[in-house]
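Asker: Before I ask anything, here is the structure I am working with.
The values are calculated or read from the model by the stated rules, or taken from the named source; none is laboratory data. Please read these numbers as outputs of a predicted model, since none were measured by experiment. Positions of Cβ are backbone-derived with ideal geometry, glycine not excepted, and every protein chain shown enters the neighbour counts.
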Number of protein chains: 2
Amino acid sequence: MEREEVNIQFSKSTDYALHALIHLAHSEHRHNIGIKELSATLGVSESYLSKVMSKLRRDGIVRAVPGVNGGYELARPAEQITFLEVIQVIEGRQQLFECSTLNSQQHRLLAEEGAAERDRDCQGKSECLVKKVMDGAEEHLYQYLREHTIQSVLDEAFQR
Amino acid sequence: MEREEVNIQFSKSTDYALHALIHLAHSEHRHNIGIKELSATLGVSESYLSKVMSKLRRDGIVRAVPGVNGGYELARPAEQITFLEVIQVIEGRQQLFECSTLNSQQHRLLAEEGAAERDRDCQGKSECLVKKVMDGAEEHLYQYLREHTIQSVLDEAFQR
DNA sequence: TTATTATGGACATCAAAGGTCCATAATAAA
DNA sequence: TTTATTATGGACCTTTGATGTCCATAATAA
Ligand code: SF4
Ligand code: SF4
């Protein structure tokens, strides 16, 4: 009877950002695509999309020029813009897993076991295996996202 | 000046669930670990942790018995409980990426390009490359999480 | 100078995470 | 058969973040 709606997924903003970048890449012969055209292409409101674009500009993914015939264009070639980069700009850069029980008995128990390991990796961080598994998962995910760029999507889409 | 705090990370509940399961696995010679002991071990309130445990029970990860000397125990051997399973029980099973612009011009443009592909994979779903990259990322992540179990953490922690 | 376009701040809304409290059900021990 | 104990689930609360709008301002090319 309950409507459980827990969430571990990327935000709509990330979706919008990726789609906008693809449109810019696809129209790179032209210059300065305005927010009007972008929002029409994606079917998203100008106000909201402009927030997303501003973020992309602040992080050097796109360039923006105001005024007549202004708009956006990629700041770098599309093959240098990875999925990971876009996601991190929009979603932030916190870790996929952050310890919430660092002051617990259990943390002490599990982290102390790493004593042998702390000889080589002596950073005093004392992370346990749970954290290591989760960090490994994150790195796996990131590595995959690093290998895919905006250009790679276009390449596969428009080869015929 | 802004405090951007966007979030793509696992919830505290997932953290609690993993830690609780590790405690149960570590104490499997005993039976029926009560919520009192669990919450003391993790340093988390009984009320909240009991919600998490109930979820784990409803999905067959742990067994629970009320009454004097009651408590929780693993419903299956620890080597059969994967990280992925625990995460999905707590976080739900939606996809990491869901299309938010399915009615856009761009979707039509990108999805139509898959015409050649629809001959073999004729499901009418017409997903584009963006979605495929993201789904690939998800599958990558999941595969990794499937390969790690509660037992594997204990093994590495208590080998000396 | 002017029309146009992006920017950023201020709000508004809504859903979900995180958490508490309590009444009830279930159970084992006495 | 009590009784003490423990888990369960519903109701409720608070805070946060995602999503979104609106407007005043800055910047720029024509
Ligand atoms: S280091 Fe391990 S035991 Fe300690 S809080 Fe993090 S996940 Fe939990
Ligand atoms: S299928 Fe591709 S283009 Fe269509 S909404 Fe999904 S990600 Fe966007």
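Asker: With respect to B:Arg93, is the statement that it is among the basic types (Lys, Arg) and either within 9 Å of DNA strand D (Cβ to nearest atom) or more than 29 Å from B:Gln143 (Cα to Cα) (or both) true?
Answerer: No; evaluated as a whole, the condition is false for this residue.
Asker: Identify, please: which residue in the stretch A:137-160 is modelled with pLDDT under 95 and of a type in the set (Gly, Ala, Ser) and is, among those, surrounded by the most Cβ atoms within 10 Å (Cβ to Cβ)?
Answerer: Among those that are modelled with pLDDT under 95 and of a type in the set (Gly, Ala, Ser), it is A:Ala157.
Asker: I need the full set of residues from the stretch A:22-36 which are at the interface with chain B (Cβ under 10 Å from one of its Cβ atoms) and either touching a residue at least 24 places away in the same chain (Cβ under 8 Å) or touching an Asp or Glu at 6+ places or on another chain (Cβ under 7 Å) (or both), in order please.
Answerer: Scanning the stretch A:22-36 gives A:Ile22, A:His26.
Asker: Being more than 20 Å from B:Leu96 (Cα to Cα) and at pLDDT below 95 is the filter here, so list the residues in the stretch A:1-25 that pass it.
Answerer: Hits for the stretch A:1-25 are A:Met1, A:Glu2.
Asker: A further question on this structure: Test B:Leu49 against the stated conditions and say whether it is crowded, with 16+ Cβ neighbours inside 10 Å and within 11 Å of DNA strand D (Cβ to nearest atom).
Answerer: yes
Asker: Looking only at the stretch A:48-84, count every residue that is part of a helix (DSSP H, G or I) and touching a strand residue (DSSP E or B) at 6+ places or on another chain (Cβ under 9 Å) and tell me the total.
Answerer: 8
Asker: Quick test for you: out of A:Gly71, A:Gly67, A:Gly34, pick the one residue that is loosely packed, with under 13 Cβ neighbours inside 10 Å and of a type outside the set (S, T, N, Q).
Answerer: None of the others qualify; the one that does is A:Gly67.
Asker: Would you please name the residue that is surrounded by the most Cβ atoms within 10 Å (Cβ to Cβ), looking only at residues in the stretch B:85-109 that are part of a helix (DSSP H, G or I) and touching a Lys or Arg at 6+ places or on another chain (Cβ under 9 Å)?
Answerer: Taking the candidates together, the pick is B:Ile90.
Asker: Now for a different question. Looking at the structure I just gave you, is B:Ser13 hydroxyl-bearing (Ser, Thr, Tyr) and under 24 Å from B:His148 (Cα atoms)?
Answerer: When the stated conditions are applied, B:Ser13 passes them.
Asker: Out of curiosity, is B:Ser13 under 30 Å from A:Gly92 (Cβ atoms) and in contact (Cβ under 8 Å) with a residue 60 or more places away in the chain?
Answerer: It is true that B:Ser13 is under 30 Å from A:Gly92 (Cβ atoms) and in contact (Cβ under 8 Å) with a residue 60 or more places away in the chain.
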